[in-house]
Amino acid sequence: MKIYDDAAFRRTLQKGYRYDGNELWDMPSFLFSELSETDLVALTTYLRGVPPTGKSHPRPILLEGALKEIKQGIYRSSAAEAKLRAGTFPPDAGPQHRLGRYIARATCAECHGMDLRGGTPYPGAPPRPDIRMVAAYDKADFVKLMKTGKAAGNRELQLMSGVARGRYSQFTPREVDALYEYLKAVSVTNP
């Protein structure tokens with residue numbers, strides 16, 4: 001993050017622009033556009049303490065297929081996607097589920113959509129399930145999925161298992177509880 005001051009980092013994270021002002025591609029900035037100030041400060045502080053590793057990524061080269069999808073409005077830059085989804089949220093399930101909704105917006109919406117109903121995010125992509133099916137999970141199975149990536153019946157899921165092990169296993173028990181209760185509530189209030 002050496003080349004990024006705090007303002008440039010936030011612009012990258014939340015708006016989808018590189019430090020030099022060029023648009024990013026495939027960075028899910030829309031997920032982070034509504035992060036709280038507290039979470040932004042914590043994330044920035046954490047990343048400033050992590051030593052940089054790896055190679056700098058080159059600018060993307062958009063080939064004919066991508067250019068066609070851009071023209072059709074199927075494929076959008078991170079900046080365009082962040083603008084499109086600014087101020088949007090998953091369904092409201094009441095103030096008691098504010099934390100769960102916040103977590104779902106910053107994590108689940110990437111695959112399951114802002115409405116959490118899943119679907120096919122782009123032509124040729126595998127369909128994503130309606131996340132409201134979590135209502136069929138008991139809490140122990142949901143916690144197991146979030147911590148180990150193993151779905152009910154000890155199943156491996158094509159995308160979710162790896163995502164759960166890599167990301168959601170870091171959630172605190174309070175965050176897992178809040179997400180579970182929110183998703184259960186949404187499945188009842190927004191069938």
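Numbers below:
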item: Residue match in the range 13-20 (condition: over 28 Å from residue 101 (Cβ atoms), in a helix (DSSP H, G or I) and modelled with pLDDT under 90); result: no
item: Filter result for the condition that a residue is surrounded by 10 or more Cβ atoms within 10 Å (Cβ to Cβ), modelled with pLDDT under 95 and within 24 Å of residue 173 (Cβ to Cβ), over 43, 62, 67; result: 43
item: Cβ pairs under 8 Å, 6+ apart, first in the range 35-47 and closer than 15 Å to residue 103 by Cβ, second assigned to a loop (DSSP other than H, G, I, E, B) and hydrophobic (A, V, I, L, M, F, W, C); result: 43/35
item: Selection status of residue 185, part of a helix (DSSP H, G or I) and either exposed (fewer than 12 other Cβ atoms within 10 Å of the Cβ) or touching a His at 6+ places or on another chain (Cβ under 8 Å) (or both); result: yes
item: Flag for residue 99 being closer than 21 Å to residue 34 by Cβ and surrounded by fewer than 17 Cβ atoms within 10 Å (Cβ to Cβ); result: yes
item: First in the range 78-104 and closer than 12 Å to residue 186 by Cα and part of a helix (DSSP H, G or I), second anywhere and among the aliphatic types (A, V, I, L, M) and open to solvent by less than 40 Å² (accessible area, probe 1.4 Å), Cβ under 6 Å, 6 or more apart; result: 97/185; 100/178; 100/179
item: Members of the range 134-148 found to be at pLDDT 95 or above and small (Gly, Ala, Ser), listed by number; result: 140
item: Restricting the range 138-170 to residues that are in a loop (DSSP other than H, G, I, E, B), free of Cβ contacts under 8 Å to residues at least 40 places away in the same chain and under 24 Å from residue 121 (Cβ atoms), the residue that is least open to solvent (accessible area, probe 1.4 Å); result: 149
item: Complete set of residues in the range 77-96 that are buried (at least 17 other Cβ atoms within 10 Å of the Cβ) and either among the charged types (D, E, K, R) or within 13 Å of the chain's Cα centre (by Cα) (or both); result: 78, 81, 82, 85, 90
item: Hits in the range 4-27 (condition: open to solvent by less than 40 Å² (accessible area, probe 1.4 Å) and either within 13 Å of residue 60 (Cα to Cα) or touching a residue at least 24 places away in the same chain (Cβ under 8 Å) (or both)); result: 9, 13, 14, 16, 17, 24
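The values are calculated or read from the model by the stated rules, or taken from the named source; none is laboratory data. Predicted model, so just to flag it, every value in this text is computed and none were measured. Note that each Cβ is placed from the backbone with ideal geometry, even for glycine, and that neighbours are counted across all protein chains shown. To get the accessible areas, we keep the full protein, side chains included, count just its heavy atoms, and leave off ligands, DNA and RNA. Shrake-Rupley method; radii C 1.70, N 1.55, O 1.52, S 1.80 Å.
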